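A short worksheet on the structure shown next.
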Amino acid sequence: MLMTRHFHRFLRDKCGLSGLEFAAVMPCVVMLMFGGFEVSQLLQVNRKATNVAATASNLVAATTTIRNQDRDDVFNAASAIMTPFDTANLTIVITSITNTGGVLAVAWSDAFHGQPRTTVPANLPSGIVSDPGTSIIMAETTYVYGSPTHFFFANGFTLRDTFYDRPRRSIFVTRCNC
């Protein structure tokens, strides 16, 4: 009788229930917090990588000749866009693609933390350089996002983007190694 009375009193007792609820809910709250942080960081890096590609192609397409210093300035400006993220994980490839007599060819290509292109990409959108005697500037970015917390994206995440611009001040943007 005494034992059952203590047992019923124990079942009716609500002291400590909030602590138990907190302990049950806390892992979910922590996962939501870290997940929200990781996803927001990834979205911010993706937006910045897209801006890098757009800016690089835009800056090159606005000129008639790219010199070594101009190329370095474009890469520095593009790298500044990625701030505060590490640019060691950033690759930028700027390529001039020309259509000479219906044949597409790489006129020149420069790269930041990567290899310049030597061939026209197979996934080039059809009709982008369809008229003979024209050219485009293609800027490709690749960023390997390494999560600071490694909570959801432990192996990293590779982000890619490509932008195309037509030269605005001439038909071709020439490359001068000077």
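The values are calculated or read from the model by the stated rules, or taken from the named source; none is laboratory data. Keep in mind that what you see is a predicted model, and the values were worked out from it rather than measured. With ideal geometry, Cβ positions are generated from the backbone for all residues, glycine too; neighbour counts draw on all protein chains shown.
Taking segment 101-148 as the range and being aliphatic (A, V, I, L, M) and part of a loop (DSSP other than H, G, I, E, B) as the test, the residues that pass are Val120, Ala122, Leu124, Ile128, Val129. Exactly one residue among Arg5, Arg47, Arg9 is in a helix (DSSP H, G or I), under 18 Å from Thr142 (Cβ atoms) and among the basic types (Lys, Arg), and that residue is Arg47. Determine if segment 150-157 includes at least one residue that is crowded, with 18+ Cβ neighbours inside 10 Å and in contact (Cβ under 8 Å) with a residue 12 or more places away in the chain. Within segment 150-157, not a single residue is crowded, with 18+ Cβ neighbours inside 10 Å and in contact (Cβ under 8 Å) with a residue 12 or more places away in the chain. Considering Ala54, Ala105, the condition of being surrounded by 10 or more Cβ atoms within 10 Å (Cβ to Cβ), at pLDDT 90 or above and closer than 17 Å to Arg175 by Cα is satisfied by Ala105 alone.
Pairs meeting the criteria (first residue in segment 61-72 and under 23 Å from Thr134 (Cβ atoms) and in a helix (DSSP H, G or I), second residue aliphatic (A, V, I, L, M) and at pLDDT 95 or above, beta carbons under 7 Å, at least 6 apart or on different chains) are Ala61/Ile137.
Just one of the listed residues (Asp161, Asp165) is charged (D, E, K, R) and within 24 Å of Gln41 (Cα to Cα), namely Asp161.
Checking each residue of segment 23-32 against the condition of being out of contact with any Gly (no Cβ under 9 Å at 6 or more places or on another chain), farther than 30 Å from Asp131 by Cβ and surrounded by 12 or more Cβ atoms within 10 Å (Cβ to Cβ) gives at least one match. In this structure, Asp110 does not qualify as without any contact (Cβ under 8 Å) to a residue 24 or more places away in the chain, of a type in the set (D, E, K, R), touching a helix residue (DSSP H, G or I) at 6+ places or on another chain (Cβ under 9 Å) and more than 30 Å from Met31 (Cα to Cα).
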